[in-house]
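A short reminder: the numbers here are calculations on the coordinates, not readings from a lab. It should be emphasised that the depicted structure is a prediction, and the values quoted were computed from it without experimental measurement. Cβ atoms come from the backbone with ideal geometry, glycine included; neighbour counts cover every protein chain shown.
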Amino acid sequence: MNRLIWAAAVAVLLSACGSAVKLDNVPVEDKSGTNVTKPGGAGTGVAERDVTPVTLDKNKIPDAANRVVYFDYDSYAIRPEFQALIETNAKLIKTDKAKKVVVEGHTDERGGREYNLALGQKRAEAVRRAMGLLGVSESQLEAVSFGKEKPVAMGSTDEAMAKNRRAEISYR
Amino acid sequence: MLKRHLLILMAGLVSATAFAQFRVEVSGVGLTQVPIAIAAFRGDDAAPQKMATIVTADLERSGQFRAVDATGVAMDEGSRPEVSTWRQKGTDALVTGSITRLADGRFDVRMRLWDVVRGQDLGGQSFAVVAGDLRLVAHRVADFVYEKLTGDKGIFSTRIAYVTKVGQSYNLWVADADGESAQSALNSAEPIISPSWAPNGQQLAYVSFESRKPVIFVHDVASGKRRLVANFKGSNSAPAWSPDGKTLAATLTRDGGSQLYLMDATGGEPRRLAQNSSIDTEPTFTSDGKFIYFVSDRGGAPQIYRMPSTGGNAERVTFTGTYNISPSVSPDGKWLAYISRVSGVFKLHVMDLSSGAVNAITDTTADENPSFSPNGRLIIYATHQQGREALMTTTVDGKIKARLAGQNGDIREPDWGPMQK
């Protein structure tokens, strides 16, 4: 499937003459793949010479799952598995200086509301700083906290609480 | 063995008086309570509010009075009590009164307080009010009785603020000190936290998430006019009024971490109160305005500190436990109420600030956000009871607790308003 996407992208690059498409911005969807004839494939006449134009959306915001960084209990350290997610978002934010992003920190339900607000802020700041190190401008970033006020998972199980300890990258 | 005996003894001493409004739980020994009889006011039966019931509930909730049975007594403020009869009932004081509907639809309420030990008339009060103010009148009567018999100002006619969450709807309520007569000051689809009464009792500062980040509003309760006083980059939270009402302390993150700032209560440029790389939050002024108590994790875990309200060196106040938050100082500066995590549960603690002695005063496990009554005799706090959020009041020694009348849904973030002028 991956190969198919690349093939599609290359095909688009070759055919969409004059369009300034960068390789950075290869589409993440493979819907164009079906319109490209594989080399040596069974040709069926005119249809194989069809070209479906694809416009790459430079402002394509990652889906929700790719905008959330989860944290360990009582921790503000970004786990290695979230580095790529942060890089992807940082790269996107850098491409559009008009983009404003708010990093929203959250905690699990344990403890006081105001103190949790401060803890959530530390998580948001950790993600904001990581993006700053990747070259995202300060003026595009804001770190805020919701403390324990906006859980995504209800209940007091370890699993629910782990889902709530998070920082969400919110495009505004 | 001794422990078991003690438990049985304690269980025997626990008595619960059920009222329509709330439940008072009395436990412990060595209480010095004034026995008082409150006769049904003449006309209570036909009145929209039962004066004697409200007055009794108020006085019992204070922890300083014990109601003596006065059922079946037909008296009013004009009756002269048969002192020996009342002494036999074991009471020290008697309240009588009446409530009468006036031609214009208002109600005439009169009362008299008797010292039945000395056979002395301690004075009375009268009011002419609309039906909607009858509960307030009953609270004023309770304040009168309380002050005459204890020498302290009563707090029954003060107001409290709290927040409820029902589904995704948040309300900021202003209610009587017994939780009744609640009126919504603000309804929002986003969370509201940390309401704080201005010293004039007319405005509330609070944190609202309505703009998808925490910002601080000052809200005039009577007019509903709101002013956005802190909307700086980052989070804006934990507003606290200086005693003169001119300054707000708050936690802002505009310069990085959560730090304390002072600003004019009308808004304007904040002045940073302290500078460090740790969390500083939950500021609260002492009533003389000289100090600010606050929470900081500068020592590695959240503890309560205090510093001069002009800034300067902070001294640590709590030393036991690894999680101490949400300080509230009594108006006389003698007591510090706060929440401490002990063995994974969160309990209301009270520290005697002169000796540093600390007591856990509840048997609940999810206590939050204590706030002293303006006479320093009671503490209101949020907790969980039977799996639901609840508001409670307790005496400073923890011996008398009452669950306040509540709204539907989760109820939290209480703040006790100042004395009413």
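Remarks
- Percent of beta bridges antiparallel (DSSP, the stretch A:93-172, rounded to nearest 5): 50 percent
- Arranged from fewest to most other beta-carbon atoms within 10 Å of their beta carbon, B:102, B:348, B:273 become B:102, B:273, B:348.
- Pairwise centroid distance, computed over Cα atoms, of the stretch B:211-245 with the stretch B:49-109, Å: 43 Å
- 11 Å beta-carbon shell around residue B:258, net charge (K/R +1, D/E -1): -4
- For B:326, B:208, the sequence from fewest to most other C-beta atoms within 10 Å is B:208, B:326.
- Ranked by how many other Cβ atoms sit within 10 Å of their own Cβ, fewest first, the residues A:166, B:306, A:129 fall in the order A:129, B:306, A:166.
- Links that overshoot a 32 Å alpha carbon limit, given the list A:97/B:213; A:163/B:233; A:122/B:347; A:99/A:122; A:97/B:225: A:97/B:225
- Cα-based reach from residue B:153 at 18 Å (exclusive), listing aspartates and glutamates while leaving out same-chain residues under 8 positions away: B:58, B:60, B:143, B:176, B:178, B:332
- Separation of the residue B:359 and residue B:272 label points, Cα + 7 Å toward Cβ, nm: 4.2 nm
- The stretch A:87-102 versus the stretch A:132-172: alpha-carbon centroid distance in Å: 17 Å
- For the stretch A:69-83 versus the stretch B:312-386, the spacing of their alpha-carbon centroids is 32 Å.
- Rounded to the nearest 500, the 222 nm mean residue ellipticity of the protein assembly as shown from helices alone is -5500 deg cm²/dmol, with -39,500 (n - 2.57) taken per DSSP H run of at least 4 residues.
- Among B:289, B:234, B:387: highest mean-square fluctuation, GNM of chain B, C-alpha pairs under 10 Å: B:387
- Each DSSP beta bridge with both residues in the stretch B:26-153 is either parallel or antiparallel, and the antiparallel ones are about 70%.
- Counted charge near residue B:194, where neighbours are those whose Cβ lies closer than 10 Å (Asp, Glu -1; Lys, Arg +1): -3
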